[in-house]
Amino acid sequence: MNKDNGLFSIMSRIDCMSNQFTKTDWKIFKFIKNNTNQFLSLNAQELGKVIGTSDASVIRFSQKIGFSGLNEMRYSLQSEMVKNTSVSHHTDYSTLMRETQLVIENIYHTTSQSLVSRLRLKVKSSKRCFLVALDDKNIADIISEKFMAIGINIIPLTNINALKMYGSHSESDDLFIVISYTGNSKALSSVLEDITDHGSYVALISNYEKSLCADNSDIVMLIPKTNLLISSAVISKELIILTLFDLIFQNFITEDTDYFDMLQKTVSYINDGDDI
């Protein structure tokens, strides 16, 4: 069991949003993690002095992670510490359920709808649309089949050689949607550099806003990290990616009648085939 089990909900929430943190946010987070009891005993002004920031920054941090203010955050943190002092393995399913819910909620709360809409418009205007999911054929197949239902042909690229081949012939009206959790693959970033040099559009899906791949991308869509979760080794990364693409798919069919009409035709055709 993780020794910080009593803090899993608050700390998990913070970790899921850490890819949006400023340097000041990181200072506050590290203080909370390493000096939890002191954090609970001091007011905003005292915390600001101890941490080396302003009381306003401490309050803004609590609001950034979803609380109305510092008092609510401290109360919730203290309540969890008391409630979870005697956690046993029998609560593992409950922990997994709550942490999975936390991750999924984070995707819906933090994914920018304007960014998703930009992606939708780019998909519609692109001649070819590629999904780069290196060594992840199952994910690529599921997503490409899903979007086929609304008339979008997504070409899955699941190995670096296929990406290099298509990348070398990429054009300005091509779109590459790239899944890279760290974004720091030198081989991948090198190919993306060539692709952007050809004028193609790159949308990166990653845990990090700044990375080698992000430097060669037009937009970056962030997904939550799970490394501080108790269930980090259990929660599938595939679940996170598929949830994000469910959100993207929903945007397509609710914001564009062409895609909605195509979905209706596809569903009708599939249902008609049930009698065969």
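Bear in mind that the values in this text are calculations on the coordinates, not laboratory data. Here the structure is a predicted model, which is why all the values come from computation and not from measurement. Here Cβ is always computed from backbone atoms with ideal geometry, including for glycine, and neighbour counts include all displayed protein chains.
Taking a sphere under 12 Å around the Cβ of residue 136 and counting the other residues whose Cβ falls inside, with K and R at +1 and D and E at -1, yields a net charge of -1. Exceedance of the 26 Å cut-off in Cα-Cα distance is limited, within the set 164/210; 186/237; 33/210; 23/164, to 23/164.
Applying both filters, DSSP loop and at most 12 other Cβ atoms within 10 Å, to the trypsin sites (Lys or Arg not before Pro) of region 99-131 gives 127. Counting Lys and Arg as +1 and Asp and Glu as -1 over every other residue whose Cβ lies under 11 Å from the Cβ of residue 232, the net charge comes to 0. With a cut-off of 10 Å between beta carbons, the residues surrounding residue 19 carry a summed charge of 0, where Lys and Arg count +1 and Asp and Glu -1.
Run the reach check for residue 265 against lysines, Cα to Cα strictly under 25 Å, same-chain hits fewer than 8 apart removed. What comes back? Correct list for residue 265: 122, 124, 127, 146.
Compared with the rule-of-thumb size 2.2 N^0.38 Å for a compact globular protein, the chain has a Cα radius of gyration ratio of 1.17.
Taking Cα atoms only, the orientation of helix 137-148 departs from the longest principal axis of the chain by about 60 degrees.
Restricting attention to the chain, close to 0% of DSSP beta bridges with both partner residues there are antiparallel.
The ellipsoid equivalent to the alpha-carbon distribution of region 113-275 has semi-axes of 26, 20, 15 angstrom, derived from the gyration tensor eigenvalues as √(5λ) and listed largest first. Residues 77, 204, arranged from fewest to most other Cβ atoms within 10 angstrom of their Cβ, appear as 77, 204. Direction-averaged projected area, Cα convex hull, region 199-276: 8.8 nm², rounded to one decimal. Only helices enter this figure: runs of n ≥ 4 DSSP H residues, each worth -39500 (n - 2.57), summed and divided by the residues of the chain, yield -18000 deg cm²/dmol at 222 nm to the nearest 500.
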